[in-house]
1. Please go through segment A:319-333 and give me each residue that is surrounded by 19 or more Cβ atoms within 10 Å (Cβ to Cβ) and either modelled with pLDDT of 95 or more or outside any loop (DSSP other than H, G, I, E, B) (or both), ordered by number.
2. What helices (runs of 4 or more DSSP H) completely inside segment A:372-469 contain at least 3 residues that are without any contact (Cβ under 8 Å) to a residue 40 or more places away in the chain and under 27 Å from residue A:173 (Cβ atoms)?
3. Which condition number in (1) farther than 30 Å from residue A:367 by Cα; (2) of a type in the set (Gly, Ala, Ser); (3) touching a Lys or Arg at 6+ places or on another chain (Cβ under 9 Å) is the one that residue A:423 fails?
4. Out of all the residues in segment A:66-79, is one or more in the same structural domain as residue A:360 (by TED's automatic domain parsing), in a loop (DSSP other than H, G, I, E, B) and farther than 15 Å from residue A:364 by Cβ?
5. Here is a check on your reading of the model: is residue A:423 within 26 Å of residue A:321 (Cα to Cα), surrounded by fewer than 21 Cβ atoms within 10 Å (Cβ to Cβ) and of a type in the set (S, T, N, Q)?
6. I'd like the full set of residues that are under 17 Å from the mean Cα position of the chain (by Cα) and surrounded by 11 or more Cβ atoms within 10 Å (Cβ to Cβ), limited to segment B:295-317.
7. Can you tell me how many residues within segment B:49-76 are surrounded by fewer than 16 Cβ atoms within 10 Å (Cβ to Cβ) and either within 30 Å of residue B:184 (Cα to Cα) or among the charged types (D, E, K, R) (or both)?
8. Report, ordered by the first and then the second residue, all pairs with beta carbons closer than 9 Å, sequence separation of six or more or different chains, a first member in segment A:110-132 that is within 14 Å of another protein chain (Cβ to nearest Cβ), and a second member that is acidic (Asp, Glu) and surrounded by fewer than 19 Cβ atoms within 10 Å (Cβ to Cβ).
Amino acid sequence: MKKHLQVLLGLLVVSSLLLVACGGTPAANTAAPGEATTAPEEPSGPVEVRWFVGLGAGAQPEQLAGQEEVVAAFNEAHDDIELVLEIVQNDVASDTLSTQIAAGNAPDIVGPVGVEGSNLFTGLFADLQPLIDSSGYDLSVYDPATVEFYREPSGALTGLPFAVYPSFIYYNTTLFDEAGLEYPPHSVGDPYVMPDGTEVDWDYDTLREIGMLLTVDASGNDATNEDFDPANIVQFGYHTQFTDARGEATQFGAASFVDGSGNAVIPDNWRAYFNFTNEAVWTDYWQPNNTYLNSDLLLAGNAFGSGNAAMAAIHLWCHGCYSGADFDIAVMPAYNGEVTAKLHADTFKIMDSSANKEAAFTVLSYLLDEGAPTLLIAYGGMPARQSLQADYFSTLDDAHEQQIDWDVAIEMLGYPDNPNHQSNMPNFARATERINEFQSLWRGTAGVDIDAELDALQTDLQAIFDEAN
Amino acid sequence: MAISERVFGSFRRKPKEPRGRLTNLERHETRWGLLFLSPWIIGFLVFILLPTLATLVFSFTDFNILHVEDTRFIWFDNYTRMLNDPIVTQSLVRTLKFFVMAFPLAIIIPIAISALLNSENLRFRRLFATLFYMPYMVPLVSAVLIWGGFLNPATGWMNKFLGSIGIQGPDWLQSTTWVYWALLIVGLWSNGNAIITTLAGMESVPRELFEAAKIEGAGAIATFMNVTLPMVSPIIFYNLTLASIGLFQYFLEPYVLFAQAGDPGGSTLFYPMYLFQNFFQFQEMAYGASLAWVLFLIILAFTAVWFGLRRFWVYEAERE
């Protein structure tokens, strides 16, 4: 009996191995990842182009209809190409795409995807320049600077401008009114009027002053009051929402943890930011620590959406984060006289492994042109093309009855962070993890020696960067 | 002669008869049995054994999921790298520290609660047993999220309750010390399965044994130590083995509470979390596979030790 079982098991193992070994992949997908596959010589029907959504926006239920509408319209207008939509939830999108790439089954187009979402797949996207040249695609509709934003250090142009999301300050008008404070300025260079009528520069010192007045404990004391109880805060003055340490520090000016030689560096302005904000969180209490951020009071991270944060620096894509109508937007404050409004930018990219690059470029052009108005509304993105912006904001006005001053968003586009706060780093995932650890440490723990921790961060990042080289 | 020996004397089983050649009927039944088992066997081979062996092979390569074509064998380099990776040591020490804290509680508390539930003097025993078991039926992810809110020092009910009786509650989830106690509380709350299995074991102890112990003059504690515990020792062994494996694979609670970050200050970056990071965040599949195999060997060693020690304390009627 034992011998028979051994024989049976042996046969099963061998047959399974043979099945796995002989299974193979469809002929069209046998090329190695990163290598273009050969297109079928005589396609029997329309060329299939797979569009992978999930690395950025697009997987939310309310965004599906718009995308499906664009796909249907494209397929109706094109007999020779069939566009197939693949939607993957954001939290598993990177893993899913990686697996597809490893299996030689990568999609043709991915997006919308931002800078950070693309970093993991650097080098795997097609250079669009030859396709632009051969198709005669008109680039003059874009600001040349926004086109160059998508050019890789290698010179490859891997995207074209589609949606931009400038950042600015959302402020809760009810909380400002309750505190008897003037609203923050709507134009760069305008002063802020303090309660005593004096006009001061709109900078981070001013932000701190009004932030403390807008931070209130359960007894109604603000953070400037000596009876203020930091253990029972019910309203915060300010929060830099939904971003990481690099995004936060960019408020004090664009910089990078990587210098021109690829070494780890802690920029002086970022060091100043972390010290400033550490004091704001743990000494002056006008910005929330991790305990408050993770609590119901601040909707577990959506501080502005909770209605219990008077101001928050967030991108345009968060215009629906707060359901109330009592908010407006203001410009970012200046640091050392310079205003920086970090920018998010989404686009679509063609995978270099695509066997149908020309068909994929036809689709990409459609998404950027005819399909753009529908998609931009679905994603909440501001059109990179100026010609589409008026219609876009008119649609947003329908969603926000209080008539938000969208000129602020347009003005903030003129102060982007360069280098971008999401730009690539050597050994990107490990470096990001280490930076996040630093962020969670000082936001979660009182009394952290910021300078010492930043020095430790630099040492660790150097080791992580060296590992990649 | 010890009480347990005198009490158990009459419950020894007869030794099994040696097995001879299979009859035709037995061979026929075996063939059919294997046929019915074959879907499971095939599933096991294809979906468990082969992927497991694949990870072993990966662990000797520099497999990169985005550049599969460049894969080559680097043999023990990933394992050597582990020796020089400080996070491996730190996460392993952290896992062992939590093991030392949680393991005794994971075993003793189910025994204590089961003993209470098994008491003849307790009213509504079934109700209490159901209440203790119910948390086990709640999906763990939901439970952990609810606990995260419950333990939040700013708005959670735990500290509000402690505050109402004059105690300043700690920062459960942001303190590098208290976070382990928070995780222990969450773990014990959902330990209903161990309670129910231990209780079932206690309820199945033959009444004659207790009567015999009583006749021998044993008190409640002596009866519990010499009759109840030995009789449920196979179940304790079962729970102990599962607890060991579970604690070395401890992942879900810190993952849900701190979203892969190992907060606060890396204190919940347990070994399985670091393994997960390497696989899915850093996409270093080969290194992750090496970490997984080392974890497997550690768990295997611990389990082997438990099995080796079993004959010294686990009552097995067959062996008796």
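1. A:327, A:328, A:329, A:330, A:331, A:332, A:333
2. Details: elements: A:372-379, A:389-399, A:407-412, A:428-444, A:450-468.
In segment A:372-469, the matching helices (runs of 4 or more DSSP H) lie at A:389-399.
3. (1)
4. Restricting attention to segment A:66-79, the residues satisfying the condition of being in the same structural domain as residue A:360 (by TED's automatic domain parsing) are A:66-79.
Filter once more, so that each one left must be in a loop (DSSP other than H, G, I, E, B): A:78-79.
Filter once more, keeping what is farther than 15 Å from residue A:364 by Cβ: A:79.
Yes, segment A:66-79 contains a residue that is in the same structural domain as residue A:360 (by TED's automatic domain parsing), in a loop (DSSP other than H, G, I, E, B) and farther than 15 Å from residue A:364 by Cβ.
5. On the way: within 26 Å of residue A:321 (Cα to Cα): yes; surrounded by fewer than 21 Cβ atoms within 10 Å (Cβ to Cβ): yes; of a type in the set (S, T, N, Q): yes.
Answer is yes for this residue.
6. We begin by selecting, within segment B:295-317, every residue under 17 Å from the mean Cα position of the chain (by Cα); these are B:295-307, B:310.
If the condition is that a residue be under 17 Å from the mean Cα position of the chain (by Cα) and surrounded by 11 or more Cβ atoms within 10 Å (Cβ to Cβ), then B:295, B:296, B:298, B:299, B:300, B:302, B:303, B:305, B:306, B:307, B:310 are the ones that fit.
7. The qualifying residues number 3.
8. Filtered contacts from segment A:110-132: A:116/A:244; A:122/A:152; A:123/A:152; A:125/A:152.
The values are calculated or read from the model by the stated rules, or taken from the named source; none is laboratory data. This is a predicted model, so every value here is computed, not measured. As a convention, Cβ positions derive from the backbone with ideal geometry for all residues, glycine included, and neighbour counts pool all protein chains shown.
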